[in-house]
1. For the range 295-313, give me each residue that is outside any strand (DSSP E or B) and surrounded by 22 or more Cβ atoms within 10 Å (Cβ to Cβ).
2. List every residue pair whose Cβ atoms sit under 9 Å apart, with the two residues 6 or more apart in sequence or on different chains, where the first one lies in the range 163-179 and is farther than 12 Å from residue 215 by Cα and the second, anywhere, is surrounded by fewer than 18 Cβ atoms within 10 Å (Cβ to Cβ) and aromatic (Phe, Trp, Tyr).
3. Residue 217 versus (1) of a type in the set (Gly, Ala, Ser); (2) touching a residue at least 40 places away in the same chain (Cβ under 8 Å); (3) farther than 21 Å from residue 73 by Cα: which is the lone unmet condition?
4. Please find, among 295, 290, the residue that is over 22 Å from residue 52 (Cα atoms) and either without any contact (Cβ under 8 Å) to a residue 40 or more places away in the chain or of a type in the set (A, V, I, L, M, F, W, C) (or both).
5. On the basis of being part of a helix (DSSP H, G or I) and among the hydroxyl-bearing types (Ser, Thr, Tyr), does residue 139 make the cut?
6. Give the number of residues within the range 236-252 that are surrounded by 10 or more Cβ atoms within 10 Å (Cβ to Cβ) and over 24 Å from residue 196 (Cβ atoms).
7. Would you mind stating whether residue 153 is surrounded by 18 or more Cβ atoms within 10 Å (Cβ to Cβ) and farther than 28 Å from residue 72 by Cα?
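The values are calculated or read from the model by the stated rules, or taken from the named source; none is laboratory data. Everything numeric here is computed off the predicted structure, so don't read it as measured data. Every residue, glycine as well, gets a Cβ built from its backbone with ideal geometry; the counts of neighbours run over all protein chains shown.
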Amino acid sequence: MPVIDMGREVTLEFIRVTEAAALKASRWMGRGDKEAADQAAVDAMRGMLDLVSIRGTIIIGEGEKDQAPMLYIGEKVGGGGLRDPKVDIAVDPIDGTTLTSKGLPNAISVIAVGNQGTLASFPSYYVNKIAVGPGAKGSIDINDSVQANLERVAKAYGARTRELTAIALDRPRHSEIIEQVRETGARIKLISDGDVAGAIATAMEDSGVNILFGIGGAPEAVIAAAALKCLGGEMQVKIWPRDDEERQKILDMGYSEGDFDKVYDIEDMARGDSIIFCATGITGGDFLPGVRYQGNMAITHSVAMRAKTTTVRYVTAHHHLDIKTIPSRAEAREVEI
């Protein structure tokens, strides 16, 4: 079976996929309609994937087929030629739909790709997460206390605990984590949405963020793990059922009680060195600038990462709006941005 060569040319094709989603989503920035923004991004991403020479399967997407007409879990995407390689694909057309609808920073469009069988999925809607960048790799333990983790990360960076900054979703379920971080003297940055970008921030030198704590979406965890693998970071997660009903549903799927205590690391979520990660900024923020319009031009900012070489490339693209079109799967034609 052929495998994908995660080289520059293929990586550029996936950048075009996230660019298209970001461009279409940005038209809905601040308009208060997150569903319309997400639908526009999904349609653009799905249309662009048709142009990539792969036989892809959506491992992480918009949901099951009966809930999502496009980019649903299990959907086959790509050019689909007999000689095209089979790959796993995880997508989040908009990580931060609410951020986009409100015009708030840090919304991005993301895709992670790897050879068939390399990307995992979880049976739960949420997972408990902890993540750090390469400078603190080997310093975290999701089963240990917030204080102990912060102390080890501080030691890894040659810093004091109070000089660290943690990041977490601003949710009532994180009240204890927030309090425990503050008790150590460390700072904490609370974000309303977008924990893919939050996890990646721990591995970006100029982000000012050192560690991520908390419970967030399971699909987002796998996508973030793919990025952190390329960046040399570390991430650990545990299945976190929302209630007894979801817990029983997971058990009925064949999981055991012991699986709720199992710690999954990056290699469990994104295996091997074929992984690539691409993202394009939508609203702009700590990770990537957003889509900017200047007359008949739209400017996008993207990043591409490869696990094989740990290369990180930033791509700035200038799109001529009077001639630029994007394939729309919903309309079965090329549409204007």
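1. Residue satisfying the conditions is 307 alone.
2. As it stands, the answer is 163/157; 164/157, since those pairs meet every condition given.
3. Only one criterion in (1) of a type in the set (Gly, Ala, Ser); (2) touching a residue at least 40 places away in the same chain (Cβ under 8 Å); (3) farther than 21 Å from residue 73 by Cα is unmet by residue 217, namely (3).
4. Result of the check over 295, 290: 295.
5. no
6. Summing the residues that are surrounded by 10 or more Cβ atoms within 10 Å (Cβ to Cβ) and over 24 Å from residue 196 (Cβ atoms) in the range 236-252 gives 4.
7. Working: surrounded by 18 or more Cβ atoms within 10 Å (Cβ to Cβ): yes; farther than 28 Å from residue 72 by Cα: yes.
Taking the combined requirement at face value, the residue satisfies it.
The rows are residues; the columns are (1) modelled with pLDDT under 95; (2) of a type in the set (Gly, Ala, Ser).
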site	(1), (2)
73	yes, no
89	no, no
100	no, no
117	no, yes
125	yes, no
128	no, no
141	no, no
146	no, no
